[in-house]
Amino acid sequence: MLPSPADSGEDRPSGPGRPSTDGFLAAPVAEAFATAPQARVQPSVRSGGCFARPLPLDGSCAGAARHLFREAVAGMGMPGDLVHDGITMASELAANTMHSQGNVEFGAGRQRPVTGFPEIWLYLRGSGARCELVCKVFDSQQGWKTGQIPDPGAHKLDSTDGRGLQVVNGLSAGQWGYHPTRSRLGSWKVPGKVVWFSLRLPPACDSTRSHRPLVASWEAINELEAMLTERGIGGRLVRVDEPETGMSVLSVTRDLTVWVQGEYVSWKRADGSYRRRPITDLVDVTEEIVCSHEELEPRSVSWI
């Protein structure tokens, strides 16, 4: 299952016969991931884009997540203790992916993962006093290894050391969760799930004042359509524009329709309720719509 025997990580000591401390990107792991197709170029996290990177399939995944979290938030002006908490939680979620590699697809010789590998995503949602950093770790296992939804109050959890989600629950003050979705990277966008946490950014943080700018509704619908197509659900999209009302309607499936008008995006969720979000949160809006799409799709794995 694992494409490489590499066991390096940024917190492991170096020495004879052991990779250096930045060896989580050492070949052949880095070589495999470096060739993985990337998503459409996005602005930085600070400017409202989504930072998406692959994670290794071996024991270096936690160290890689720590390194990538630091890279994503560099220059955002986050307090050091908040960065430390985020690094710790990202590491715990990445370690969980060691249990969720059943749907990884490899290339010739089974040396290069081409899709279904774990991924880490970071982006902003909200603005001003309600601005928060969201970190999500994707894996291609649609359910849970134990067959049950994790309980952070339990003694044993679905994590490498048995306490991962307890740590996330505590450091995030309960601001974490999970949902079905699709990958962002890889040769095709495989269904799976993410486990996520969010961190409220203090008002003094630069990122609360430099979020995604407001765009016209027609620009928002163009970008939303492109984002959904990137996630592998563009083949059935049907779009209707109504210039006289300034509204655009995007039919994703028979049971999932999205409306864009003015400064807001609206859609009906799988449970029948409606959501309305500002177009400045288009990254998170797209993720919610992908989640609704996956909940409506017939799957062999139950989420409840």
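Quick notes on this structure:
- Screening the range 78-120 for residues that are assigned to a loop (DSSP other than H, G, I, E, B) and out of contact with any Pro (no Cβ under 9 Å at 6 or more places or on another chain) and picking the one that is farthest from L199 (Cα to Cα) gives G102.
- Selection status of T97, among the hydroxyl-bearing types (S, T, Y) and either modelled with pLDDT of 95 or more or not assigned by TED's automatic domain parsing to the domain that holds W196 (or both): no
- All conditions in (1) assigned to a helix (DSSP H, G or I); (2) polar (S, T, N, Q); (3) modelled with pLDDT under 90 hold for S292, with the sole exception of (3).
- Inter-residue pairs, beta-carbon under 6 Å, first within 20 Å of G49 (Cβ to Cβ) and in the same structural domain as N169 (by TED's automatic domain parsing) and in the range 73-86, second in a loop (DSSP other than H, G, I, E, B) and at pLDDT below 95, 6+ apart: G77/C205; M78/C205
- Pairing each residue of the range 223-235 that is assigned by TED's automatic domain parsing to the domain that holds L282 with any residue that is of a type in the set (S, T, Y) and surrounded by fewer than 19 Cβ atoms within 10 Å (Cβ to Cβ), provided the two are 6+ apart or on different chains, yields no C-beta distance under 6 Å.
- For the range 118-147, the set of residues classified as at positive phi and surrounded by fewer than 19 Cβ atoms within 10 Å (Cβ to Cβ) consists of G128, G147, listed by residue number.
- Scanning the range 227-254 for residues that are exposed (fewer than 13 other Cβ atoms within 10 Å of the Cβ) and not in a strand (DSSP E or B) yields a count of 6.
The values are calculated or read from the model by the stated rules, or taken from the named source; none is laboratory data. The model shown is predicted, which means the values in this text are computed figures rather than measured ones. Positions of Cβ are generated from backbone atoms using ideal geometry, with glycine treated the same way; all protein chains shown enter the neighbour counts.
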